[in-house]
Amino acid sequence: MKFVLMFILMLLMASTPLQPFAQAHRYDPPWNTPPKSALNFTIPGVDNVPDLYGDINNAQLVIFFAGNQYMCVGDLIEAFKRKYPQYQRVFAETLPPGILAQQIEGGSITIGNLRITLQADVYTAGKSRMLQMLPYVTDTATYAFNKLAIMVAKGNPKHIHNLNDLGKAGVRVSMPNPEWEGIAKRIEEAYIKAGGDALKKRIMVQKVQNGSAYLTQIHHRQTPMRIMYGESDAGPVWYSEAFYQQSIGHPLQMVTLPESQNVNAIYMAGLLKKAPHAQAGKDFLQFLKTDTAKAIYRKYGFTTP
């Protein structure tokens, strides 16, 4: 009897391969190269803070970036330090622009157990959000552009070819929440271009209600992760996000959209009127206009003036 039980157990183990725990988090961020330190203690799924970047202690410059620029931040900050060596401690956040706006207005944010009260010197966002923030910022300037694409799993198993396909039954959509992210409004504009108000209602109302459309809180992180972990089939994103995910070898690919159904994003930066490091903020705004900064943005799929 003992040998029979052992044989059954062996069959069960053979038919159900054991997966190591780390496999459940194999695509977790950070996806860019973190800053160097004496100790790197990043534990996927447990202690992982991908949208806070750089030196939070005694920062000489604090930048709040609209989140989908996270892939550019490391290169931008290092290039800025080379051009302006007097600034070596730079801190950046890459959260959704609506969240950053609330942080500016309220003066603080808590992530996990960490409360951050640093005041931003520079805020970057899409044009519409920046216009809402004019009471807080000055010296605004345009520095980059983007457009929409659809992110899908590698091989495009659901055969997604356009925005109308996102409205089909059986297609699980990862969609940014209009409450937090400016891209959501632009995607809704694209839905109307592609399929009228009916397509927008089907995705933003009917599919949200039946659970086949998921509204994210951090779209630039959640959408690629949800697709790679099999929780969503597709998500409309900025072109640069799909471009970057392909470039780092993740099992994702891009479906491009025709210009007739697309929308363009205008990225603007502004100096906070109450910037604690006003000169550093002004220097960074000037840096964004340089050929060096423009080349970094183009490297990651953006276009520049």
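Of the residues that make up the range 200-207, is at least one open to solvent by less than 30 Å² (accessible area, probe 1.4 Å) and out of contact with any Asp or Glu (no Cβ under 7 Å at 6 or more places or on another chain)? Within the range 200-207 (the criterion being open to solvent by less than 30 Å² (accessible area, probe 1.4 Å) and out of contact with any Asp or Glu (no Cβ under 7 Å at 6 or more places or on another chain)), the answer is yes, since at least one residue qualifies.
Can Asp139 be described as open to solvent by 60 Å² or more (accessible area, probe 1.4 Å), under 23 Å from Ala59 (Cβ atoms) and in contact with a strand residue (DSSP E or B) (Cβ under 6 Å, 6 or more places away or on another chain)? So Asp139 passes the test. Screening Ala125, Ala79, Ala120 for residues that are of a type in the set (Gly, Ala, Ser), surrounded by fewer than 21 Cβ atoms within 10 Å (Cβ to Cβ) and more than 27 Å from Val46 (Cα to Cα) leaves exactly one candidate, Ala79. If we keep just the residues of the range 231-250 that are in a loop (DSSP other than H, G, I, E, B) and open to solvent by less than 40 Å² (accessible area, probe 1.4 Å), which is nearest to Glu181 (Cα to Cα)? Only one residue tops the list, namely Ser232. When restricted to residues that are among the hydroxyl-bearing types (Ser, Thr, Tyr) and part of a helix (DSSP H, G or I), the range 190-222 contains 1.
The residue that is nearest to Val122 (Cα to Cα), among those in the range 38-94 that are among the charged types (D, E, K, R) and under 19 Å from the mean Cα position of the chain (by Cα), is Glu93. Within the range 257-288, the set of residues being open to solvent by 70 Å² or more (accessible area, probe 1.4 Å) and within 22 Å of Gly67 (Cβ to Cβ) comprises just one member, Asn264. Let me confirm something: among Gln222, Gln217, which residue is touching a strand residue (DSSP E or B) at 6+ places or on another chain (Cβ under 7 Å), open to solvent by 40 Å² or more (accessible area, probe 1.4 Å) and under 22 Å from Gly167 (Cα atoms)? After applying the criteria, what remains is Gln222. Residues in the range 143-164 that are outside any loop (DSSP other than H, G, I, E, B) and either of a type outside the set (A, V, I, L, M) or modelled with pLDDT under 95 (or both): 5 in all. Mind listing whichever residues of the range 36-55 are within 30 Å of Ile266 (Cβ to Cβ) and either exposed (fewer than 13 other Cβ atoms within 10 Å of the Cβ) or aliphatic (A, V, I, L, M) (or both)? Val49, Leu52 - these are the residues of the range 36-55 that are within 30 Å of Ile266 (Cβ to Cβ) and either exposed (fewer than 13 other Cβ atoms within 10 Å of the Cβ) or aliphatic (A, V, I, L, M) (or both).
Looking only at the range 57-72, count every residue that is open to solvent by less than 10 Å² (accessible area, probe 1.4 Å) and under 16 Å from Thr304 (Cβ atoms) and tell me the total. Within the range 57-72, residues that are open to solvent by less than 10 Å² (accessible area, probe 1.4 Å) and under 16 Å from Thr304 (Cβ atoms) number 5. One residue is enough: does the range 115-128 have a residue meeting the conditions in contact with a Ser or Thr (Cβ under 7 Å, 6 or more places away or on another chain), of a type in the set (D, E, K, R) and farther than 18 Å from Ala66 by Cβ? The answer is yes; a qualifying residue exists.
Output yes when any residue across the range 173-185 is modelled with pLDDT under 95, open to solvent by 20 Å² or more (accessible area, probe 1.4 Å), out of contact with any helix residue (DSSP H, G or I) (no Cβ under 6 Å at 6 or more places or on another chain) and part of a helix (DSSP H, G or I), and no when none is. There is at least one residue in the range 173-185 that is modelled with pLDDT under 95, open to solvent by 20 Å² or more (accessible area, probe 1.4 Å), out of contact with any helix residue (DSSP H, G or I) (no Cβ under 6 Å at 6 or more places or on another chain) and part of a helix (DSSP H, G or I).
The values are calculated or read from the model by the stated rules, or taken from the named source; none is laboratory data. Predicted, not measured: the structure shown is a model, and the values here were computed from it. Here Cβ is always computed from backbone atoms with ideal geometry, including for glycine, and neighbour counts include all displayed protein chains. Accessible surface areas use protein heavy atoms only, side chains included; no ligands, DNA or RNA. Shrake-Rupley method; radii C 1.70, N 1.55, O 1.52, S 1.80 Å.
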